[in-house]
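The values are calculated or read from the model by the stated rules, or taken from the named source; none is laboratory data. Keep in mind it's a predicted model, so treat the numbers as computed, not measured. Don't worry about glycine lacking a Cβ; one is built from the backbone with ideal geometry, like all the others, and counts go over all protein chains shown.
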Amino acid sequence: MSETPAAMSAAEIAQAVSSRKITALAATEAALARIAVHDKILNAFTDVTADRARTRAKAVDAAIAAGQPAGPLAGVPFAVKNLFDVQGLSTRAGSKINRDLPPSPRDATLIERMEAAGAVLVGALNMGEYAYDFTGENAHDGPSRNPHDPTRMAGGSSGGSGSAVGGALVPIALGSDTNGSIRVPSSFCGTFGLKPTYGRLSRARSFPFVASLDHLGPFARNVKDLALAYDVMQGPDADDPACSVQSVEPTVPLLANDVSRLRVAIAGGYFQQNLLPEAVEAVARVAKALGATRTVELPEAARARAAAFIMTTTEGAALHLDRLRKRPNDFDPPVRDRLFAGAMIPAVYVDKAQKFRRWYRARVLELFQSVDVILAPATPCTAPKIGQATFTLDGVELPVRPNIGIHTQPISFIGLPVAAVPVPLEPMPIAVQIIAAPWREDIALRVAYALEQMGVVAAPAPRGL
Amino acid sequence: MDDHLDDYMTAVARTMALPLEDAWRPAVRANLEVALRLARLVDDFPLPDDVASAAVYST
């Protein structure tokens with residue numbers, strides 16, 4: 001076990017707090033101290049809820065001292081993307097406009113579940129405006145910075161989540177993923193991230209972006225911590241109409257199960273294009289470790305990405321239509337311009353995108369009759385420089401922002417569960433997507449755990465701090 | 001449609017009461033061109049008549 005709370009995993013902190021080797025308050029103070037020092041560089045936090053955290057940590061310590069059972073995350077500091085409702089804070093969702101909202105009266109469901117398990121919320125995290133972003137840059141709060149090179153992007157839109165966990169400010173953070181916003185920052189910041197099956201985790205009391213595609217999920221520095229957080233957040237929630245009624249399916253007890261009989265394939269075609277050598281190398285390392293040689297093709301993946309793009313821009317525009325009319329100058333201009341364009345897309349294209357999704361999902365699910373896991377790159381490259389506008393993929397110069405997520409969008413489009421696993425390349429990490437069939441997060445996490453045990457994937461120590 | 005895109009943008013903005021300022025037009029148009037190109041890619045795909053949308057799925 002690591003000796004100081006700031007260097008401990010979530011599982012180690014919970015074990016130490018439960019056995020009264022350290023207090024939850026000490027773990028909380030260690031996180032707050034690390035945030036105070038390093039967030040000046042990373043700009044991951046927009047709110048540090050120190051008073052609330054200390055109060056909560058003391059309550060955890062008091063409960064344990066009174067002999068009450070400690071939760072599986074007892075005393076574990078965590079933080080949330082600032083689109084989660086935090087009682088007493090306006091849910092800014094990366095925007096200027098939302099700062100005028102009244103303070104939230106109640107925490108998001110997932111915060112309540114994390115704290116019911118003993119975790120301690122220490123703050124809210126920077127993000128791209130209204131989650132319409134892959135870079136982690138923000139016109140109002142400044143960019144989240146990469147913990148391995150602060151001149152580089154953290155990735156978005158959950159940039160603060162990737163930066164805070166990649167920088168080891170907190171062992172666990174929560175984010176959202178509509179088109180890749182957990183997997184992209186995981187890739188750039190070298191963290192583990194889980195985008196669960198659509199509908200698995202409640203989105204209640206979080207600020208939406210694209211209801212048809214929005215997912216919430218955890219970031220962590222190792223697979224056990226990721227699974228611990230995921231497990232305590234599962235369960236039905238009537239406050240989110242898309243939340244599944246499926247019962248809780250714990251994954252932590254399954255992590256060490258044998259994976260040698262799982263049928264693992266590499267995504268071909270679309271997913272082997274538009275990649276820089278580091279992305280190719282990362283997938284190759286993971287595939288080799290798993291003995292994967294078979295390639296499968298997700299049919300019409302480029303069209304799936306296109307349909308996800310259309311649903312995103314139109315549903316996003318519909319969500320913000322009134323704000324576009326009344327406060328267009330208060331948006332980050334590039335976000336406003338994308339939303340204006342989204343408002344002008346004919347509805348027939350949106351309907352066709354939704355119907356195409358049905359067709360595509362059925363074809364991809366057929367693949368899972370003969371494979372259990374599909375491997376794909378998470379991003380085309382390692383983290384670009386902050387402000388970088390273009391990159392060259394397959395000989396074509398393309399704008400960075402919309403193309404960072406070209407390999408994540410066809411997957412979240414149909415809600416498949418994905419564990420993003422970081423391959424610690426030098427000088428910058430990059431992640432691979434471990435994709436499983438719907439509701440089989442357990443398989444994605446087992447494979448991630450096996451790769452971690454083999455030493456193929458790991459969250460590197462922050463190199464930029 | 002591209003030849004008439006500026007007219008289309010003006011008409012839609014007016015119809016939907018969107019305050020599209022002249023200075024924003026080039027960027028909005030560029031985004032719209034990308035979105036329409038991708039929309040046509042979806043439109044080109046021959047879907048069966050009986051396929052239904054799947055806004056939320058449970059299995």
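A few notes on this one:
- Of all residues in region A:227-261 being under 20 Å from the mean Cα position of the chain (by Cα) and within 14 Å of chain B (Cβ to nearest Cβ), the one that is farthest from A:S212 (Cα to Cα): A:S244
- Residue list for region A:411-428, restricted to those being farther than 17 Å from A:S181 by Cα and either of a type in the set (S, T, N, Q) or crowded, with 24+ Cβ neighbours inside 10 Å (or both): A:V423
- Among residues of region A:50-64, those that are touching a residue at least 12 places away in the same chain (Cβ under 8 Å) and either in contact with a Ser or Thr (Cβ under 8 Å, 6 or more places away or on another chain) or surrounded by fewer than 24 Cβ atoms within 10 Å (Cβ to Cβ) (or both), counted: 9
- Test for B:A27: is it surrounded by fewer than 17 Cβ atoms within 10 Å (Cβ to Cβ) and either over 26 Å from A:R401 (Cα atoms) or more than 8 Å from chain A (Cβ to nearest Cβ) (or both): no
- Filtering A:R401, A:R463 for residues that are closer than 20 Å to A:G159 by Cα and within 14 Å of chain B (Cβ to nearest Cβ) leaves a single hit, A:R401.
- Pairing each residue of region A:450-465 that is in a loop (DSSP other than H, G, I, E, B) with any residue that is hydroxyl-bearing (S, T, Y) and surrounded by 20 or more Cβ atoms within 10 Å (Cβ to Cβ), provided the two are 6+ apart or on different chains, yields C-beta distances under 7 Å for A:A459/A:T191.
- Counted residues, region A:370-396 - those being without any contact (Cβ under 8 Å) to a residue 40 or more places away in the chain, small (G, A, S) and more than 14 Å from chain B (Cβ to nearest Cβ): 1
- Test for A:A307: is it touching a helix residue (DSSP H, G or I) at 6+ places or on another chain (Cβ under 6 Å), part of a helix (DSSP H, G or I) and surrounded by fewer than 20 Cβ atoms within 10 Å (Cβ to Cβ): no
- Hits in region A:356-369 - residues which are without any contact (Cβ under 8 Å) to a residue 40 or more places away in the chain and more than 7 Å from every other protein chain (Cβ to nearest Cβ): A:A362, A:E366, A:Q369
- Contact map, region A:335-355: first residue within 7 Å of another protein chain (Cβ to nearest Cβ) and in a loop (DSSP other than H, G, I, E, B), second residue of a type in the set (A, V, I, L, M) and surrounded by 21 or more Cβ atoms within 10 Å (Cβ to Cβ), Cβ cut-off under 6 Å, separation 6 or more or different chains; pairs are A:M344/B:L32; A:I345/B:A35.
- Of the criteria (1) surrounded by fewer than 24 Cβ atoms within 10 Å (Cβ to Cβ); (2) under 19 Å from A:L339 (Cβ atoms); (3) not aromatic (F, W, Y), which one A:A168 fails: (2)
- Some residue of region A:377-400 being more than 13 Å from A:L194 (Cα to Cα) and assigned to a helix (DSSP H, G or I): yes
- Restricting the first member to region A:126-138 and to residues that are surrounded by 24 or more Cβ atoms within 10 Å (Cβ to Cβ), and the second to residues that are in a loop (DSSP other than H, G, I, E, B) and among the basic types (K, R), the beta-carbon pairs closer than 9 Å and six or more apart or on different chains are A:M127/A:R92; A:E129/A:K96.
- Unique residue being touching a residue at least 40 places away in the same chain (Cβ under 8 Å), touching a Leu at 6+ places or on another chain (Cβ under 9 Å) and among the small types (G, A, S) when the list is A:G235, A:G268: A:G235
- Note on region A:286-301: residues that are surrounded by fewer than 16 Cβ atoms within 10 Å (Cβ to Cβ) and in a helix (DSSP H, G or I) amount to 1.
- Residue within region A:126-134 that is among the hydrophobic types (A, V, I, L, M, F, W, C), out of contact with any Leu (no Cβ under 8 Å at 6 or more places or on another chain) and outside any helix (DSSP H, G or I) present: yes
- Residues that are part of a strand (DSSP E or B) and within 17 Å of the chain's Cα centre (by Cα), drawn from region A:78-115: A:F78, A:A79, A:V80, A:K81, A:F84
- Yes/no for A:I434 being in contact (Cβ under 8 Å) with a residue 12 or more places away in the chain and not in a loop (DSSP other than H, G, I, E, B): yes
- Selection from region A:197-221 of residues that are closer than 19 Å to A:G155 by Cα, assigned to a loop (DSSP other than H, G, I, E, B) and either under 14 Å from the mean Cα position of the chain (by Cα) or among the small types (G, A, S) (or both): A:L213, A:D214, A:R221
- Out of A:G155, A:G142, A:G175, sole residue that is in contact (Cβ under 8 Å) with a residue 40 or more places away in the chain, in a strand (DSSP E or B) and not β-branched (V, I, T): A:G175
- Some residue of region A:350-368 being buried (at least 24 other Cβ atoms within 10 Å of the Cβ), aliphatic (A, V, I, L, M), in contact with a Gly (Cβ under 9 Å, 6 or more places away or on another chain) and at pLDDT 95 or above: no
- Residue match in region A:388-397 (condition: on the phi > 0 side of the Ramachandran plot, surrounded by fewer than 24 Cβ atoms within 10 Å (Cβ to Cβ), at pLDDT below 95 and out of contact with any His (no Cβ under 8 Å at 6 or more places or on another chain)): yes
- If only residues of region A:318-333 that are in contact (Cβ under 8 Å) with a residue 24 or more places away in the chain and assigned to a helix (DSSP H, G or I) are counted, the one that is farthest from the other protein chains (Cβ to nearest Cβ) is A:L319.
- Neighbours by Cβ (under 9 Å, 6+ apart or cross-chain): first from region B:37-57, at pLDDT below 95; second assigned to a loop (DSSP other than H, G, I, E, B) and of a type in the set (F, W, Y): B:V56/A:Y198; B:Y57/A:Y198
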